[in-house]
Amino acid sequence: MTNQDTPEQRLRRHREAVEWFFILQAEEQSTEQTERWIEWCSADPANQHTFERLLPLWQARWAVPEQHAAAPIAAFARVARRRWHLPRQHWALLATAAGLAVAVIGVLLVPRATGTLRLAAVAQLSSEIGQARSAQLVDGSSVALGGRSRIEVHFGAVRRDIEIEHGEALFKVRHDRTRPFVVHAGGLQVVAVGTVFDVDRRGSRVSVTVQEGVVEVSNAQSGATGTAPLRVARGTQVVFDQSGNEAPLRRAVSPEAADAWRRGHFEYVAEPLSAIIEDLNRYSSQQVVLQDSNLATLRYSGTIDVAALDEWLRALPNIFAVQVQFAPDHTVRLSGPSAKVTGN
Amino acid sequence: MVGQLFRQHNRNLVHFIRARMSGPVSDANEVAQESYVRLLQLENTGAVSFLRAYLYRIAANLVIDRNLSRRRRPELSAEVVKEEFEQVADPFEVERSVLAADQYQHLLIFLAELSPKCRQAFELHRLRELPVEQVAHEMGISDRMVRKYVARALIYCRFRMDGDSATATLEIMGHD
């Protein structure tokens, strides 16, 4: 079949197949298009074969079993993505309407920095919910810790090591070529020489955002792939998820994004709800609980202001099929839709 | 007549659904089955060519439904079709048509050989399933360029997985 193709024919066939992917993917589908595609498939067995061989790569996201489990949710998240452009006034309106119905007001703690500490060469630093702390390290570098976060500092003669046990920290690193500055978060290592960068660890999901300079990220858990360290430059964010096989996602961000959380501001692109909730719970006395594990993989895109967290939560049922319940014990429970929603 | 359609078109129909749908192969198979059920429920069944067009229309709508709602596992009301499906359902090499975990690792390695933009377009559109328009917006390039990058990444990785060397593949495809 394809073996008999010249390289040019083979390439052309592949290009045609991919063009069909894009055509078939479009929501509006004309009968003529479908007919033409069927014609193309039956015109030459090699066409059909090529299409078939490219399909698994086209659907690579569904390659891994754990991701199969998330199928209905992921499909569902498409709706969310389509609707995330909802204008701000709308959010406010929805929120106000919801607010009349549910009159529970949570105490919101916008992160506020307290006095600067000086940490020893070997030290620990942790913060409470809604508390932001900053500290100066012995080498002149500094660290700003997000809410409910904890780090361990271990500065030696040849390396400066910091472990993020959980939470988020922004680092401003004093240049020292002889002693690399290494931040560990799960299996991830972020190496910096002199730079400003942020590391956010939510369970297995770690994002690294660089505000100044360059860092190198290597993943101890990707031993199988044996890839070289990833260079992350200024104005770039890379998100690693070590639980699945999702490829690290790299995206351009404004340099301010690295410490936007210090201003109570979060910005997401297709971020799993579980990771977002973990971020938000560091800043709100009102803890959000996902009651349905299926909800964890819903992906949200958009911005969230910690100061307007309640409004965001109340508007959530407009984006996802979730129910939001403000419980008397200061938790907010998110659960899946009731049976009536799942009908035809 | 539906049975005939099934034998002739099931493979294409499942491919059609998979190209459109966000979900695993098993979901695509379910949608295909449900399409036949719906077709069978039609009052007037005309010529096969009409039926075929109708079948794809039904499937397309079902995919949209499924991408939009959480609805899962349609009730199979027509036992006949179910049996028919099981009989004919040449498992059409489901195994071969799904990427195994180790192949996925290879895919990631081959993706890393591409230019950053090409890789990013593929990751955002295919691994994160962001719509082309959103990828274009995020990357600051045109929709057309997104499609071009995604096509390039797909074909490059297919060639590499088929055993072509990086040099040979670049020779065939040309550079970015």
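Between A:Ser30 and A:Glu216, how high is the FRET efficiency from 1/(1 + (r/R0)^6) when r is the Cβ-Cβ distance and R₀ = 60 Å? Nearest 0.05. List each step's numbers first, then the result.
On the way: r = 50 Å, r/R0 = 0.83.
Once the sixth-power term is evaluated, E becomes 0.75.
Highest mean packing first, where packing is the average number of other Cβ atoms within 10 Å per residue, the peptides A:256-266, A:37-47 line up as A:256-266, A:37-47. Between the beta carbons of A:Gln124 and A:Ala252, assuming R0 = 41 Å, the FRET efficiency works out to 0.75 to the nearest 0.05.
Please find the FRET efficiency linking A:Glu39 to A:Asp329, where r is the Cβ-Cβ separation and R0 is fixed at 60 Å, and quote it to the nearest 0.05.
Values: r = 63 Å, r/R0 = 1.05.
Rounded to the nearest 0.05, the efficiency is 0.45.
Give me the inter-chain shielding for B:143-153: mean count of other chain Cβ atoms within 10 Å, whole number please. Don't skip to the answer; put the middle values down first.
Working: counts 1, 0, 0, 1, 4, 1, 0, 4, 8, 2, 2.
For this peptide, the per-residue mean of nearby foreign Cβ atoms is 2.
Note on B:Leu40 and B:Glu171: their simple-model spin labels are 5.4 nm apart, each label 7 Å out from Cα toward Cβ. Among the residues of B:116-128, the average count of other protein chain beta-carbon atoms within 10 Å of the residue beta-carbon is 4.
Read the figures in this text as sums done on the coordinates, not as results from a lab. Please read these numbers as outputs of a predicted model, since none were measured by experiment. Note: ideal-geometry Cβ built from the backbone for every residue, glycine included; neighbour counts use all protein chains shown.
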